[in-house]
Amino acid sequence: MAPGKSNTEDLKSNKLFDVSHVTALVTGGGTGIGLMITQALVANGAKVYITSRREEVLKKTEEEHNQGSGQIIPLQGDIRYAFYSMTSRRYFV
């Protein structure tokens, strides 16, 4: 095979979308776009930590969508004021 060309087997959907080696953190992973991202990752094998300020949303999401080859791990928290400073290389809350 010529350099830079992919093997056809590598382009099959079960390999192309396999994220079983991925661990992800989805903020707002219990509702809206965050929930859709969570569902797609879990369905394709990822371990997904989801955060929300509302515990009931986390529990409902875990119960309803923890299917497929991946895993949802809920974490209650509020990240609105957390950030990382590249200058001082520190996290601030």
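Quick note: the coordinates plus some simple rules give every number you see, no bench work behind them. Owing to the predicted nature of the structure, the values given are computational and were not obtained by experimental measurement. When we count neighbours, we look across all protein chains shown, and the Cβ atoms used for this are built from the backbone with ideal geometry, even at glycine.
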If packing is taken as the mean number of other Cβ atoms within 10 Å per residue, what is the order of 59-66, 12-19, highest first? 59-66, 12-19
Taking amide H positions as placed in the peptide plane 1.01 Å from N, state which residues far from ALA24 in sequence (5 or more) or on other chains have amide H under 5 Å from it. LYS47, VAL48, TYR49
